[in-house]
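Readers should treat all values here as calculations from the given coordinates under stated rules, not as data from a laboratory. The structure displayed is predicted, hence computed values, not measured ones. Don't worry about glycine lacking a Cβ; one is built from the backbone with ideal geometry, like all the others, and counts go over all protein chains shown.
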Amino acid sequence: MSEAGKIMLVGIGPGAVEHMTQRARDAIAESDVVIGYVTYIKLVADLIEGKEIIRKSMTEELDRAVSALEAARAGKKVALISSGDAGVYGMAGPTYEVLFQAGWTPDDAVQVEIIPGASALNSCAALVGAPLTHDFCAISLSDLLTPWPTIARRLDAVAMADFVVALYNPKSGRRTRQIVEAQRLFLRHRRPDTPVAIVKSGYRRRQNIVFTTLDSMADADIGMLSTVLIGNSNTFVRHGLMVTPRGYANKYDMEEGGATRDGEKAGRSLSTGLLGWLETLQAEHAAGDSIEVLAARHRLPADYIHATLNEPWEAEAPATEESEA
Ligand SMILES: C[S@@+](CC[C@H](N)C(=O)[O-])C[C@H]1O[C@@H](n2cnc3c(N)ncnc32)[C@H](O)[C@@H]1O
């Protein structure tokens, strides 16, 4: 083969073929070689007939990247398959690390394309309602490559900061205590009845969905193929659906036909948005509250309160077309 090869990092979505993007299918179709973890190869079995298949086990990520580079250097088009999105706890990072180590640069004859897919958090959220409609983050509980104190610090920080959280790699046959520790850290900041949804094998044959609460989540059936979604302090479950409010109730009275609340304006920051809050802060400080008292009240660092109080600021610009983001 004379043409330069290509590495395509293909995110195949949660599992079901109909949730794979057209570009992901095309990439697999145009590849000469398909490399992936055995389970993912099985998920795309219908699309890979007649191709060279390299099956690797779970722990052989770097091997998969090295094999992909070797094949691409030999002029082949390689589809490196990841479940969900290849850039979310997937093959994209390890592949670039291997490529850089081998002296590859973006000008190299071997091209690289990352093909996005729906990650587990998108798929699992879609199956349980609308849990991610406010700020959220993902944390992997796998300590195979990450020290536990790093994971625990992140859990503690996001639990305190009231993010909705998607826990990836929550539990395996050998890693059973991590989810219990995550629960312990979350319970320091969140109510025991905080809604939790556990999706196992979303959009796959053995799909199983459980709704539970933070104080019971560690007792639920959780495995290698589960994603655990923990709500924030406003998340609720109604009619079997987990929903995190977008914040409309802060501005509009939903019971009064959506009338704007006193002091609020459509298309403008909330009265408790940055500028409104700064006015409150200035007033509280002028009334004698110390920086330390304000820091404790607003649960923010004292040096931040100090800096904002001393920063000159301007009134909000006139309203423009802006969604309620
Ligand atoms: C190594 S990570 C791979 C994540 C993948 N790249 C993604 O974007 O979804 C594996 C973890 O993803 C989650 N996961 C992947 N597919 C899933 C599915 N179909 N249903 C539920 N969780 C899934 C589980 O938490 C699992 O432990």
Could you tell me the center-to-center distance, by alpha carbons, between the stretch 33-47 and the stretch 89-144 in angstrom? 18
Which trypsin sites (Lys or Arg not before Pro) from the stretch 160-263 combine a DSSP loop assignment with at most 14 other Cβ atoms within 10 Å? Arg174, Arg177, Arg188, Arg205, Arg206, Arg246, Arg261
Where does helix 61-73 land angle-wise versus the long Cα axis of the chain, in degrees 0 to 90, nearest 10? 60
q = 0.18, 0.21, 0.26 Å⁻¹, the stretch 250-309: log10 I(q)/I(0) [Debye, one scatterer per Cα]: -0.68, -0.79, -0.98
In the P(r) worked out for the chain, what percent of Cα pairs fall beyond 32 Å? 46
Going down the table (Lys51/Lys76; Lys51/Lys171; Lys6/Lys200; Lys77/Lys200), which pairs top 23 Å between alpha carbons? Lys51/Lys171; Lys6/Lys200; Lys77/Lys200
Explain nothing, just the number: relative contact order of the chain, from Cα pairs under 8 Å at least 6 residues apart, as a whole percent. 15
The stretch 1-24 and the stretch 188-253 have their Cα centres apart by a whole-number Å value of 31
Tally Lys and Arg at +1 and Asp and Glu at -1 over the other residues with C-beta under 12 Å from the C-beta of Leu225: what net charge comes out? +4
